[in-house]
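Here is the structure we will look at, set down as structure tokens.
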Amino acid sequence: MNMLKVRDAALVFAAALLLGLATISQAQAPKPATKPAAATPGYAKAVFAGGCCWCMEPPYDKLDGVVSTTSGYIGGQKKNPTYEEVSSGRTGHTEAVEVVYDPQKVSYQKLLDVFWRNIDPTVKDQQFCDTGSQYRTGIFYRDDAQKRLAEASKAALDKSKPFKGAIVTEITRAAEFYPAEDYHQDYYLKNPVRYKFYRNGCGRDARLKQLWGAAPE
């Protein structure tokens, strides 16, 4: 879509349809925790692209050992891109989530397992209702250990996958990650009704259930 993306259209419709309910729900929603400094000794980072960055924060936030998640952009040519630039598809970036975690509490392998079951790895330059290279899936490894684990994870999944389609998700060395604008951070907590409206309208959980046998909780 060259003017208004499906996600943005859904948000506009949701705002008009659910304004009163959204106001109540937002007032009751838990306040997002302050994101800690990623440079804290002992913590590690992982970056995953799974379509809409809003939808990749919740599955990681609920994992014990995950310290923070940050929505953002990676894999493009322009420095400090804006959402409008990334969403145009012209900068080469994809929406992604940066996960800061404690390796003593949660393994990178576990993060990989969560990643696969929250994406559709069978489509290129698309995730659910969002299309374009800015929604391509990817694992962006930060060191050789992450690369080996990511490649092994993909190979194992290719043998055990419960679906017929080929896995087209790319595994790439992480370039610079650019945090998205503040209003994108913790969107599912700040705007729970609009988030659920978008997620359901985009068919994300329905497709995940079709692929994996069950939608993520």
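Only one of the listed residues (Ala150, Ala214, Ala156) is free of Cβ contacts under 8 Å to residues at least 40 places away in the same chain, among the hydrophobic types (A, V, I, L, M, F, W, C) and within 23 Å of Val100 (Cβ to Cβ). That residue is Ala150.
Do the conditions hold for Gln134, that is, is it closer than 24 Å to Gly203 by Cβ, surrounded by fewer than 19 Cβ atoms within 10 Å (Cβ to Cβ) and at pLDDT 95 or above? Spelling it out, it is not the case that Gln134 is closer than 24 Å to Gly203 by Cβ, surrounded by fewer than 19 Cβ atoms within 10 Å (Cβ to Cβ) and at pLDDT 95 or above.
Of all residues in the range 174-185, none satisfies being closer than 22 Å to Ala214 by Cα, modelled with pLDDT of 95 or more and surrounded by fewer than 21 Cβ atoms within 10 Å (Cβ to Cβ).
Is it the case, given these coordinates, that Arg194 is within 30 Å of Asn80 (Cα to Cα), part of a helix (DSSP H, G or I) and basic (Lys, Arg)? Yes, satisfied. Return yes or no: is Ala38 under 14 Å from Ala174 (Cβ atoms), out of contact with any Leu (no Cβ under 7 Å at 6 or more places or on another chain) and at pLDDT below 95? Yes. Here the condition is being more than 22 Å from Val86 (Cα to Cα), charged (D, E, K, R) and either in contact (Cβ under 8 Å) with a residue 24 or more places away in the chain or buried (at least 16 other Cβ atoms within 10 Å of the Cβ) (or both); of Lys161, Lys124, it holds for Lys161 alone.
The values are calculated or read from the model by the stated rules, or taken from the named source; none is laboratory data. Computed from a predicted model, the values in this text were never measured in an experiment. Ideal geometry is used to build each Cβ from the backbone, glycine not excepted, and the neighbour counts take in all protein chains shown.
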